[in-house]
Amino acid sequence: MALLLLASSGYAAGVPEDCTQLIVGVAPDWNSMNGRLQMFDRRGGHWIAAGPAWHVLFGKKGLAWGSGLAGQDESGLRKKERDGRAPAGIFRIGRIYTYDAQLPDGADFPFHQVTGADAWVDDSRLPQYNRFVTIDDPAHPPAWFEKQKMRHNDFAYRWLVEIRHNSDPPVAGEGSAIFFHIRRGVDRPTAGCTTMAERDLVHLITRLRELQKPCYALMPSAEYARNWEAWNLPPPAQIAALP
């Protein structure tokens, strides 16, 4: 297996030095709704594959450059609210949100059990845009709450892993509520999230470690080949094909 030795002087862009756990998503092109995901660990400056790749789904219209640790300065199509595209670039992983009282066995990552008072705001007119919010009185919620509440008892949202696109700080209209979550069908893409079979999402959750400051890199294969070295990513030769 090929290994990548990273510069030891710190990283100006791309995967930051404190990130030693990386999730890599690759799509065939900008308009692809399907692709593959694979996890890597960084040990002594080398990226090492942490297992095989698996199938995932992206936005129903493909990908567009998002805003995170890398990607926000790239020219080309930009992620917008309700454009049906998943954000491309490199992003921190935030908290896990779940209907369950605990994470799957073996998991060790910050999480929040979603209640009937929780919402994720995707209305760009509101000051809480692209923020997690807990309202004070669920019996008398504000008018915006019903469409943005997180507790739907929807199987696809049993596990939500936050992908921190457009987060620091959020910019109105540039996309919100981007997560890893359970797919609704093998060929049913998303509005902008990355989805997969539940068994694969549970596997991802059980491998995440807070101390490793995990990140997510997503882009079309041609952009990955162009940017991997500058952005401190595993070389394309290390990205496994789907079985």
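The values are calculated or read from the model by the stated rules, or taken from the named source; none is laboratory data. Predicted, not measured: the structure shown is a model, and the values here were computed from it. Cβ sites come from the backbone with ideal geometry, for glycine too, and all protein chains shown count toward neighbours.
Number of residues in region 123-159 that are in contact with a Ser or Thr (Cβ under 7 Å, 6 or more places away or on another chain) and within 22 Å of Leu69 (Cα to Cα): the value is 2.
State yes or no: is Arg42 within 15 Å of the chain's Cα centre (by Cα), part of a strand (DSSP E or B), more than 23 Å from Glu198 (Cβ to Cβ) and not hydrophobic (A, V, I, L, M, F, W, C)?
no
Annotation: of all residues in region 171-195 being among the hydrophobic types (A, V, I, L, M, F, W, C) and in contact with a helix residue (DSSP H, G or I) (Cβ under 8 Å, 6 or more places away or on another chain), the one that is surrounded by the fewest Cβ atoms within 10 Å (Cβ to Cβ) is Ile182. Residue under question is Asp18, and the condition is that it be surrounded by fewer than 19 Cβ atoms within 10 Å (Cβ to Cβ), in contact with a helix residue (DSSP H, G or I) (Cβ under 8 Å, 6 or more places away or on another chain), farther than 20 Å from Gly84 by Cα and in contact (Cβ under 8 Å) with a residue 12 or more places away in the chain; does it hold? When the stated conditions are applied, Asp18 does not pass them. Can you say whether Leu57 is at pLDDT 95 or above and touching a Cys at 6+ places or on another chain (Cβ under 7 Å), as far as the supplied structure shows? Judged against the criteria, Leu57 is not a match.
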